[in-house]
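The values are calculated or read from the model by the stated rules, or taken from the named source; none is laboratory data. This is a predicted model, so every value here is computed, not measured. A quick note on method: Cβ atoms are made from the backbone with ideal geometry, for glycine too, and the neighbour counts reach across all protein chains shown. All accessible areas refer to the heavy atoms of the entire protein, side chains included, with ligands and DNA or RNA removed. Shrake-Rupley method; radii C 1.70, N 1.55, O 1.52, S 1.80 Å.
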Amino acid sequence: MRFTKAVSIAITLFMLLTLSACTQTPQSTRDTSALLTRYSDMPLSGEDVEIGSHDDEYGFHIVNRIAFTHPRDYSSKHVAHSYQTLKTDIQKMIYDKVVDACYCFSDEMVAGDTTYRMRPITLSGTDHTGSEVEAAIIAAFDDHPEIFWMDYLFDLRYDTAADITELVLHAEYTADQVVKMMRELDAAFAVFYEEMPKELSEYEREVYVYKYIIDHCVYDENVIDNIEYENSHPSLFNLYGVMVDHQAVCEGYAYTFDYLCSELGIDTVCVGGTAVIEEDGADVTDTLHLWNAVELDGEWYQVDVTWDDLDDEDIKDVFVYLNVTDQVMAQDHTTDKTYNEITDAEYDRLECYINNFLPAPCTATEYCYYLREGILLSAPDVDVLRDGFVQAGQKRASALMINTGADTTVQALCDALFDGDQPYYQAIDKANTALANAPLDTNADAVYYSYDDRGLIVFEMPYR
């Protein structure tokens, strides 16, 4: 977990055994006859491998690096954005070694911790700083959310006599546990793809991922201010928590959205920072948070799956954080700096997310969900409102989203809809007549939610 930075650094005099990179042994070829196939844009060993593990000559347990189940209809788009932001060739070399080492497990637990030491990485020289190494490690994890089993802690030991540095990563699980979890994840991915409609546009695929995560996962509030619970439930922070356990926190939501969108050909990244939450009616700032940015038709948008998972049974599929601009997201989210922006002195003081890659400014609105799926209503036009309720009723939507535009305010429009002849109820009556079986309760009290900062009103559909 990234909530605090911790690196154990020791200057020691010892001889390190130089270990070669982890090797992968192919177990079988892909099944091209199945609806769901295994493949990788960058084959790891010439052909696909099965989920499993084997031991190397040193006794380390090597988990096979595999390509999870993937639909035949779409090509994946995993762009190594964080790798590309690394400033030096040394960092890029560390990144490559980290990815390899993530598949090389030992049985040794980290002293005083619940994690396991991975196979050591040997680096030439003793001038590697914690921030330099951490940037490479976090870049590797950001670019590879499928490596779900890693902890963010690591050890650095310097051998001044041999002029080398030993880097040891920590895993949350044993090799056997990871193999079992991989199989369960693979089965969950198969279900996800099999349930997905065919021939979806890029935007429709993104929305499918978004809704799937929200419909199948619950935010685990037990983790709030409970470090013991957090440490004993690492799956809350990764793909496994969302896809298998169906419980997660923001990191699990963000990494899963990143992975699934990328598998479906949509360029997606994670964004770290802080968010403003409300407790007992007061704003509480500096709450660490992770969300996403996504590229659609060449434009970047901000996305926060976690904050749209309201667990509200009455209002579903109303997403106010799906494909918004920087300006909208900045109302309650603050993006942290990148490793390339902070100084060593700042690094030593920070206990927060640090980003490697940040996308281009998000200013487009074409794919903003509530603008695209809602209606535009700047004045109480009964016919326009009726058509909106009819469209929502035909889809059996739980709510109708109304965008007020720039010519009025949320409060002014709400007042106008219930003044005088009460245009809201006129529209409901007309919509009910137009819909099959008159499904609306025309006498029900109006229930709505207003978002002044977005110019948005969400009316709950008054079904009988």
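If you check every pair at least six apart or on different chains, which have Cβ atoms under 7 Å apart with a residue in segment 316-343 that is open to solvent by 70 Å² or more (accessible area, probe 1.4 Å) first and a residue that is outside any strand (DSSP E or B) second?
Once the first residue is open to solvent by 70 Å² or more (accessible area, probe 1.4 Å) and sits in segment 316-343, its partners that are outside any strand (DSSP E or B) give Lys316/Ser398; Gln331/Asp453; Lys337/Ile354; Asn340/Thr85; Asn340/Lys87.
Tell me the helices (runs of 4 or more DSSP H) entirely within segment 109-222 that contain at least 3 residues that are without any contact (Cβ under 8 Å) to a residue 60 or more places away in the chain and more than 20 Å from the chain's Cα centre (by Cα).
Numbers: elements: 130-143, 175-195, 202-216.
Counting at least 3 such residues, we get 175-195.
Can you tell me which residue in segment 222-243 is farthest from Cys270 (Cα to Cα), limited to those that are among the aliphatic types (A, V, I, L, M) and buried (at least 18 other Cβ atoms within 10 Å of the Cβ)? Steps first, please.
In the first step, residues of segment 222-243 are kept if they are among the aliphatic types (A, V, I, L, M); the result is 223-224, 227, 236, 239, 242-243.
Checking which are buried (at least 18 other Cβ atoms within 10 Å of the Cβ) leaves us with 223, 236, 239, 242-243.
Working: Val223: 21, Leu236: 16, Leu239: 13, Val242: 16, Met243: 18 Å.
Per the criteria, the residue is Val223.
Given (1) among the aliphatic types (A, V, I, L, M); (2) open to solvent by 40 Å² or more (accessible area, probe 1.4 Å); (3) under 28 Å from Val294 (Cβ atoms), identify the lone condition not met by Ala379.
It is condition (3) that Ala379 fails.
Between Ser75, Ser82, which is exposed (fewer than 14 other Cβ atoms within 10 Å of the Cβ) and under 25 Å from Phe357 (Cα atoms)?
Answer to the selection: Ser75.
Report whether or not Val209 is of a type outside the set (Lys, Arg) and modelled with pLDDT under 95. Even if it seems obvious, please write down each step before you answer.
Numbers: of a type outside the set (Lys, Arg): yes; modelled with pLDDT under 95: no.
Spelling it out, it is not the case that Val209 is of a type outside the set (Lys, Arg) and modelled with pLDDT under 95.
Only one of these is in contact with a helix residue (DSSP H, G or I) (Cβ under 7 Å, 6 or more places away or on another chain) and of a type in the set (Val, Ile, Thr): Val178, Val209. Name it.
Values: Val178 fails: in contact with a helix residue (DSSP H, G or I) (Cβ under 7 Å, 6 or more places away or on another chain).
The match here is Val209.
Considering only residues that are touching a strand residue (DSSP E or B) at 6+ places or on another chain (Cβ under 8 Å) and farther than 15 Å from Phe141 by Cα, which ones fall in segment 236-252?
Result: Leu236, Gly241, Val242, His246, Gln247, Ala248, Val249, Cys250.
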